[in-house]
Amino acid sequence: MEKRCILCGRMFVVEDMCETTEDDDLLTPEPRKTVSICDLCRKKLKHEADKSQKPTKPVG
Ligand SMILES: [Zn+2]
C-alpha cells in the first residue's frame, strides 16, 4: 500500500506486514495513530536521535 511521508511529503510503499500491531496498541495510550514516515526520513530521525542521546564526554 502507498503512504505519504509526513516529513518530506513523498509517496512511498509500505508492506502489509505492519497491519497487526497489537503490541504497539498496548503500549501506546493513543488510539491507533498511523504515522507515515518514509525509510529515508526514518533513518534520518533515528540518526539524529542517536546522536543527541549520546552523552558528551568531557574532553581532557
Ligand atoms: Zn520522508
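Read the figures in this text as sums done on the coordinates, not as results from a lab. Just so we're clear, the structure is a prediction, and the values are computed from it rather than from any experiment. Don't worry about glycine lacking a Cβ; one is built from the backbone with ideal geometry, like all the others, and counts go over all protein chains shown.
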Checklist entry - How long is the gain from R4 to H47 if the chain were fully straight, where each residue apart is worth 0.36 nm and the alpha carbon distance is subtracted? => result 13.4 nm
Checklist entry - Which FRET efficiency value, to the nearest 0.05, do you get for V13 and K54 by plugging their Cβ-Cβ distance into 1/(1 + (r/R0)^6) with R0 = 35 Å? => result 0.60
